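Every read-out reported here was derived from the displayed coordinates using simple, explicitly stated rules and does not represent laboratory data. Owing to the predicted nature of the structure, the values given are computational and were not obtained by experimental measurement. Ideal geometry is used to build each Cβ from the backbone, glycine not excepted, and the neighbour counts take in all protein chains shown.
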Amino acid sequence: MKLKLNKPLVFFDIESTGLNIGTDKIVQICFYKVMPDGSDKTYTTLINPEMHIPEQVSEIHGIYDKDVKDAPTFKQVAYTIAEFIKGCDLAGYNILKYDLPLLVEEFLRIDYDLDLRGVRMVDVQNIFHKMEPRTLRAAHRFYCGCDIENAHSADADTMATYRVLEAQIEKYDGVLSWDDKEREAGICPVKNDVAALAAYSAIGRNVDFAGHIVFNDKDVEVLNFGKHKGKSVREVFNMEPSYYDWMMKSDFPLYTKKIITRIYTDEKLKKLNSR
């Protein structure tokens, strides 16, 4: 169905050096403008972020330092971008939480106050999540074809979860992964195997349940928040022992504190044994 527009609508997507709005930079941006008369225009450019693109990020979007070394900086393309989206509404997938805040941040870094007053913003992800809710009740209706009786009671919800998992295994038996590399390798991630299901349903590689500490690509425990985000927990505690004390006195979950205490104690024992 054709979009009904009374002014241009610009879809856009950003690739960047990472997910931290405050410190990361744009490395590629694409705008697709749809006009009320149905015509369209596209503007895409690589951008030199003037900082290193972490290898683990490059592996995701395929853009490496060598690809952007001769590309324009954001300051050099800012006017073109501002003119391209001037007088338009904006749309994208997850733009309200990520793409738009990062775009605005880039403009502010060069002292350009991007005026978004009156701009309507359509986030396709939010429409998806609201129309296809990811609740247990919605999952049961989708996979099992009926509502949960006595929903929100612990026993009913527990049994409903069991039925949903059985239905998922049956529905996705032999279905290839959505991940391009896994699809090319012919991987079917949803298997009738608890180890495989646990691995596929995991959220990241958390060391603690809250995700404040995660494993990096070298299986080293790193902090996943704050000024030391991405740094080895052991290195931080060695360089700044007071950071451990601060974490223990702050309102981190007890399990997180248990993890950092183990790491902190291990490091102290290593120092004693090395004397």
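Some points to look at:
- Sorted on the mean count of surrounding Cβ atoms within 10 Å across their residues, most packed first, peptides 104-116, 79-91 read 79-91, 104-116.
- For q = 0.13, 0.28 Å⁻¹, Debye-computed log10 I/I(0) when each Cα of region 50-121 counts as one equal scatterer: -0.48, -1.31
- Per-pair calculated FRET efficiency, R0 = 30 Å: Asn126 and Thr80 via Cβ, rounded to 0.05: 0.60
- Across region 213-273, Cα-Cα pairs farther apart than 20 Å form 19% of the total.
- Region 1-79 versus region 259-275: alpha-carbon centroid distance in Å: 45
- Mean projection area, nm², convex hull over Cα of the chain: 21.6
- Amide H within-cut-off set for Ala91, under 5 Å, with H built and near neighbours excluded: Val10, Phe11, Phe12, Val122
- Within-11-Å neighbourhood charge of Asp89 [Cβ basis; K, R +1; D, E -1]: +3
- Pairs beyond 24 Å (Cα-Cα), from Lys130/Lys227; Lys69/Lys231; Lys97/Lys258; Lys2/Lys41; Lys229/Lys268: Lys130/Lys227; Lys69/Lys231; Lys97/Lys258
- Whole-Hz couplings from phi, Karplus 6.51/-1.76/1.60, listed for region 15-24; x for Gly and Pro: 10, 9, 7, x, 9, 8, 4, x, 10, 7
- A helix-only calculation puts the chain at -12500 deg cm²/dmol for mean residue ellipticity at 222 nm, using -39500 (n - 2.57) for each DSSP H run of at least four residues, averaged over all residues.
- Legend: ranking of residues Thr45, Thr261 from fewest to most surrounding C-beta atoms inside 10 Å; resulting order Thr261, Thr45.
- Calculated from backbone phi, Karplus (6.51, -1.76, 1.60) coupling profile of region 72-80 in Hz, x at Gly/Pro: x, 7, 4, 4, 6, 10, 4, 5, 4
- With eigenvalues of the C-alpha gyration tensor scaled by 5 and rooted, region 94-209, Å: 37, 22, 15
- A Förster distance of 25 Å, applied to the separation of the beta-carbon atoms of Thr265 and Lys227, puts the FRET efficiency at 0.60.
- The calculated FRET efficiency for the pair Glu55 and Asn94, based on their C-beta separation and a Förster distance of 22 Å, comes to about 0.40.
- Here the alpha carbons of region 1-155 define both size measures, Rg and Dmax, at 19.5, 62 Å.
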